[in-house]
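All of the numbers you see were taken from the coordinates with simple rules; none came from a lab. All of these numbers come straight from a predicted model, not from anything done at the bench. Neighbour counts run over all protein chains shown; Cβ positions are idealised from the backbone, glycine included.
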Amino acid sequence: MSALACDGLTVGYGDGAPVIDGLHLDLAEGAVTALLGANGAGKTTLLRALTGLVPLRAGRILLGGTDLTGMSTEDRMRAGLGLVPEGRSTVVELTVDENLRLGGLWRHKAKARKAAVEEMYGLFPALDRRRRTPGHTLSGGERQMLALARALLARPRVLLLDEPSLGLAPKATAQLLGVLRETAARTGLTVLLAEQNAASALSVAERGVVLSLGAVAADRPAAELAADPALRHAYLGF
Amino acid sequence: MDRLLFLLAAGLARGAVLALFALSLVIVWRAARVVNFAQAAMAAAAVYAAFHATAATGSYWIGLATGLAAGALLGAAVERGLMRRLPAHAPLPGIIVAIGLVMVLQAGLAIAFGPEHRPMHPPFSQRPFVIGGVPLLSPYDLFTLGAAAAVMAALALLFNRTPLGLRLRAAAFAPETARLAGVRVPRMVALGWALSAAAAALAALLLVPTELGLNPHAVDLLFVNAFAVAVIGGLDSPAGALLAGIGTGLLVSLVTGYASASAAPLAVLALMTLVLLVRPGGLLAAKEARTA
Ligand SMILES: Nc1ncnc2c1ncn2[C@@H]1O[C@H](COP(=O)(O)OP(=O)(O)OP(=O)(O)O)[C@@H](O)[C@H]1O
Ligand SMILES: [Mg+2]
């Protein structure tokens, strides 16, 4: 049973040529899938279309049994989709604690909200030490951590991540992906991880999907993708 | 000395109303990045609702509640009906529509209710308490101060201490991030307008009984001063609105008392110019501009 399925997705900007063109993609329940592709291949566009931030020209998106296609971004999030967007999505006017709590606000029970926040502080001790710190003083790595923590806090069924390693030192990247992998294994979270850094993405993923010319050019087990010299040369740059 | 005390006390009450109206401009600015030039006309409409509710029932308090509700509804309606339909990311359409709305509302009020001043009666005496031979605040001044302070405190608590307030702030600062956290941003923007318009209505409701009376332009001067106050405080800053509101209220009172009432607008303008020269973003402007 796939956690997220899209069928015939076509996405473009204005009246330009489609960036994503009739794309099919199935994400297996509980798996980490790496989404790879050159700059401008359409990774960000695909993730934003899945969350409803960019409108679809055609196609359908199913989350488990729920049809997300006509839903607002807010409702997709409430239905169990999550996105850690490209770049630093920390709200700089809010404190670390407020940024984090934002992720669970739509849950109704105050007690459950509080428990979820404390759980995230347990996972990210660096944030725990800086609860009252204003967002604008955080480093890039801390902001990326905060964005991931906020997304996990909502307990999504499917989490989309757009280049979480951008601007991070290798050690920080490894730590972030480690938390992600561990959480996925523990909770059965399904992850789609878009990355420029193909080697590190494939190292935590079970599967790799290569995006090229608006469609899926390869969809294989991660180890196999990483080991295929032709693919590595053509799409992955390592 | 007696005169100074009297003027300071009067300035405090005036400043509280100014601060409240300025806060209403700050709230809508934060929610929608619009300087709502229609705030005075919308507040005047709300005061007309209060006037008629009081006339019909004989109760000041029913009038007050009606005015606040009318203000909130009008705020939400303006957002849903007009502002939401404008292109985002451009300030000019919002300003033009707001100015158009001023004309429509003020003409509509004049057609419906006539241009004359209708006296409104305060619920408490306006005769000042005399303490040690010095006339100070009147009971109505105290009511004004108390009501404005209570509402500003309640708004501060709402925005800073409640989950709803966090949603309102996130929707205002970073709409996309808020949506990705499941916040229904359009609803928050409409709520911001409603809160803002209700606060402005309250400020107008407190002010009008101390002046000539209600007419479609009764809130215009309050708006002009409160706009200056909001700019002085830093358009983004509720605390700035409070500080600048009290300061400006005192200044206006002193200039009116020692020089003349006609010099007061000039003094406000001079204060605004001075503050902007020293701190272009206003007194309490955010230290770091948004980057995303
Ligand atoms: N807002 C936009 N308006 C118009 N065109 C856009 C917009 N965003 C992206 N594009 C175009 O869509 C294509 C795909 O861009 P996208 O950002 O999805 O690529 P990407 O795979 O995420 O690249 P990168 O690895 O550099 O982040 C590019 O050709 C880009 O120019
Ligand atoms: Mg991208």
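Shielding of peptide A:102-111 by partners, expressed as the average count of other chain Cβ atoms within 10 Å per residue Cβ, is 4. Judged by the gyration tensor of its Cα atoms, with axes a ≥ b ≥ c, the protein assembly as shown is prolate; a/c meets the 1.5 cut and a/b is the larger of a/b and b/c. Against the main long axis of the alpha-carbon atoms of chain B, helix B:264-278 sits at an angle near 40°. By other beta-carbon atoms within 10 Å, ranking B:60, B:258 with the fewest at the front produces B:258, B:60.
Each other residue within a Cβ distance under 11 Å of residue A:173 adds +1 if Lys or Arg and -1 if Asp or Glu, for a net charge of -1.
Taken residue by residue and averaged, Cβ atoms of other chains lying within 10 Å of the Cβ of B:168-174 number 4. Applying 1/(1 + (r/R0)^6) with r as the Cβ-Cβ distance of residue A:166 and residue A:15 and R0 = 22 angstrom yields a FRET efficiency of 0.15. For a quick check, take a GNM of chain B with Cα springs below 10 Å and name the residue from B:166, B:202, B:222 with the largest mean-square fluctuation. With Cα springs under 10 Å in chain B, the top fluctuation among B:166, B:202, B:222 is at B:166.
DSSP finds beta bridges in the protein assembly as shown, and of those with both partners inside it, around 60 percent are antiparallel.
A simple spin-label model places the labels of residue B:259 and residue A:220 8.2 nm from each other, with each point 7 Å out along Cα-to-Cβ. Across chain B, the mean sequence separation of Cα contacts (distance under 8 Å, 6 or more residues apart), normalised by length, yields a relative contact order of 35 percent. For the peptides B:243-251, A:23-31, A:64-72, residues were scored by their other Cβ atoms within 10 Å and the scores averaged per peptide; the highest-first order is B:243-251, A:23-31, A:64-72. Given +1 on the Cβ of Lys and Arg, -1 on the Cβ of Asp and Glu, and no further charges, what dipole in debye does chain B carry about its Cα centre, rounded to the nearest 20? In total the dipole reaches around 880 debye. Summarising the amide proton neighbourhood of residue A:3: residues at separation of 5 or more, or on other chains, whose placed amide H is nearer than 5 Å comprise A:27, A:28, A:29. Helix B:238-258 axis versus longest C-alpha principal axis of chain B: approximately 30°, rounded to the nearest ten. Think of each Lys and Arg Cβ as +1 and each Asp and Glu Cβ as -1; about the Cα centre, that makes the dipole of the protein assembly as shown roughly 820 debye. Based on the Cβ-Cβ distance of residue A:28 and residue B:126, what FRET efficiency does E = 1/(1 + (r/R0)^6) give at R0 = 56 Å, to the nearest 0.05? Calculated transfer efficiency: 0.15.
For the options A:80, A:14, A:52, a Gaussian network treatment of chain A with springs between C-alpha atoms closer than 10 Å singles out A:14 as fluctuating the most. Judged by the mean number of other Cβ atoms found within 10 Å, the most tightly packed of the peptides A:111-122, B:174-185, B:11-22 leads the ranking B:11-22, B:174-185, A:111-122.
Every helix of 4 or more DSSP H residues in chain B counts as -39500 (n - 2.57), and over all residues that averages to -24500 deg cm²/dmol at 222 nm. Among A:146, A:189, A:123, the largest mean-square fluctuation in a Gaussian network model of chain A, built with springs joining Cα atoms closer than 10 Å, belongs to A:123.
For chain A, the longest principal axis of the C-alpha atoms and the axis of helix A:140-153 are separated by about 90°. Computed per residue of chain A from DSSP H runs no shorter than four, each worth -39500 (n - 2.57), the mean residue ellipticity at 222 nm is -10500 deg cm²/dmol. For segment B:65-90, no residue has its backbone nitrogen under 11 Å from a point 7 Å from the Cα of residue B:149, taken along Cα to Cβ. For segment B:54-202, the dipole from Cβ point charges (+1 on Lys and Arg, -1 on Asp and Glu) about the Cα centre works out to 520 debye, to the nearest 20.
Across segment A:79-238, the fraction of Cα-Cα pairs farther apart than 28 Å, rounded to a whole number, is 24%. Look at the stretch B:178-191: the mean tally of other chain Cβ atoms within 10 Å of its residues' Cβ atoms is 6.
Modelled label positions at residue A:60 and residue A:186, each set 7 Å beyond Cα in the direction of Cβ, lie 3.7 nm from each other. Summing +1 for each Lys or Arg and -1 for each Asp or Glu among the other residues whose beta-carbon sits under 10 angstrom from that of residue A:85 gives -2.
Between residue A:175 and residue B:1, the simple spin-label model (points 7 angstrom out along Cα→Cβ) gives 6.5 nm. Computing FRET efficiency as 1/(1 + (r/R0)^6) for residue B:156 and residue A:95, where r is the C-beta to C-beta distance and R0 is 25 Å, gives about 0.95.
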